[in-house]
Amino acid sequence: MMPLRRGLAGAIAGLGLALAFAASAAPVDTLREFVRDVKTGHAQFTQTVTSPDGVKKKTSSGSFDFARPNRFRFAYAKPFEQTIVADGEKVWIHDADLNQVSSRKLGQALGATPAALLAGGSLERDFDLANLPAKDGLEWAEARPKAKDGAFQAVRVGFKGSELAALEIIDTSGQKSLLRFNGFAANTPVNAEAFRFKVPAGADVIEQ
């Protein structure tokens with residue numbers, strides 16, 4: 001079972017479809033339009049990770065920014081500080097309380113994950129898409145990776161009106177990460193400094 005804390009970081013992947021776009025069409029069509037047209041974005045989020053048995057839950061919150069291609073930033077503020085940055089070449093994860101940094105090459109870190117959509121991956125090449133029944137007042141699209149050896153079973157994207165409201169990631173162990181977004185702004189200017197990572201002084205660095 002993936003530890004819940006690592007699940008929070010893994011949801012970088014969680015990352016990945018957080019956007020607003022017109023949802024007047026079927027959710028899958030909205031998702032296709034997003035991948036085609038939305039280039040940058042910013043939002044606040046709250047994330048809940050639930051264990052496969054549905055008993056244990058962890059909640060965190062923070063902010064999210066992205067700029068295509070290959071750049072995004074998750075800044076977790078509560079209950080602990082953690083930063084996940086893709087700078088176009090690598091993905092960096094910094095645990096502030098441990099003062100520990102890990103990094104992987106971008107291609108190795110993404111693959112057919114939610115973050116691959118964020119970074120400009122191909123929906124049709126990498127995912128099987130489906131419309132799901134409406135739930136909790138949202139319209140849902142599902143993307144299942146065609147590769148069967150990845151870390152995720154499915155990504156579900158919930159839209160309300162013209163705005164993306166939720167993202168649910170289900171990993172191969174059955175653990176669920178649900179992100180709810182607040183005030184997502186699509187195609188707004190994003191400071192390039194948000195996607196530059198500098199290793200903090202004295203931090204242990206682990207290259208993967």
- Message: Looking at the range 29-47, can you tell me whether even one residue there is in a loop (DSSP other than H, G, I, E, B), under 24 Å from F127 (Cα atoms), open to solvent by 40 Å² or more (accessible area, probe 1.4 Å) and at pLDDT below 90?
- Response: yes
- Pairs, first over 14 Å from G158 (Cβ atoms) in the range 18-44, second open to solvent by less than 20 Å² (accessible area, probe 1.4 Å) and modelled with pLDDT of 80 or more, C-beta under 6 Å, six or more apart: T40/A67; G41/F66
- Query: Do the conditions hold for V85, that is, is it open to solvent by less than 40 Å² (accessible area, probe 1.4 Å) and within 12 Å of the chain's Cα centre (by Cα)?
  - Reply: yes
- Query: Exactly one of (1) modelled with pLDDT under 85; (2) surrounded by 21 or more Cβ atoms within 10 Å (Cβ to Cβ); (3) among the basic types (K, R) is unmet by R71. Its number?
  - Reply: (1)
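For (1) modelled with pLDDT of 90 or more; (2) of a type in the set (V, I, T); (3) under 15 Å from the mean Cα position of the chain (by Cα); (4) at positive phi, each residue gets a yes or a no:
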{"residue": "V101", "(1), (2), (3), (4)": "yes, yes, no, no"}
{"residue": "A115", "(1), (2), (3), (4)": "no, no, yes, no"}
{"residue": "D126", "(1), (2), (3), (4)": "no, no, no, no"}
{"residue": "K146", "(1), (2), (3), (4)": "no, no, no, no"}
- Output for the range 136-182, where each listed residue is open to solvent by 10 Å² or more (accessible area, probe 1.4 Å), touching a Leu at 6+ places or on another chain (Cβ under 6 Å) and small (G, A, S): A165
- Query: If you check A119, A109, which single one turns out to be under 18 Å from the mean Cα position of the chain (by Cα), at pLDDT below 75, open to solvent by 20 Å² or more (accessible area, probe 1.4 Å) and not polar (S, T, N, Q)?
  - Reply: A109
- Task: Count, please, the residues in the range 39-67 that happen to be farther than 13 Å from N191 by Cα and either under 14 Å from the mean Cα position of the chain (by Cα) or of a type outside the set (V, I, T) (or both).
- Result: 19
- Query: When both residues are 6+ apart or on different chains and their Cβ atoms are under 7 Å apart, which pairs have a first residue that lies in the range 195-208 and is more than 13 Å from A96 (Cα to Cα), and a second that is open to solvent by 70 Å² or more (accessible area, probe 1.4 Å)?
  - Reply: F195/R71; Q208/R104
- Note on the structure: With criteria (1) more than 26 Å from K90 (Cβ to Cβ); (2) modelled with pLDDT of 90 or more, K198 comes up short on (1)
- Message: Just to verify a result, which residue in the range 95-106, among those that are open to solvent by 30 Å² or more (accessible area, probe 1.4 Å) and touching a Phe, Trp or Tyr at 6+ places or on another chain (Cβ under 8 Å), is farthest from P200 (Cα to Cα)?
- Response: D97
- Can you pull out the residues in the range 27-52 that are over 20 Å from A75 (Cα atoms) and aliphatic (A, V, I, L, M)? V28, L31, V35, V38
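The values are calculated or read from the model by the stated rules, or taken from the named source; none is laboratory data. This one's a predicted model, so the numbers in the text were calculated from it and none came from an experiment. Neighbour counts are summed over all protein chains in view; Cβ atoms, including those assigned to glycine, are modelled from backbone coordinates with ideal geometry. Accessible surface areas use protein heavy atoms only, side chains included; no ligands, DNA or RNA. Shrake-Rupley method; radii C 1.70, N 1.55, O 1.52, S 1.80 Å.
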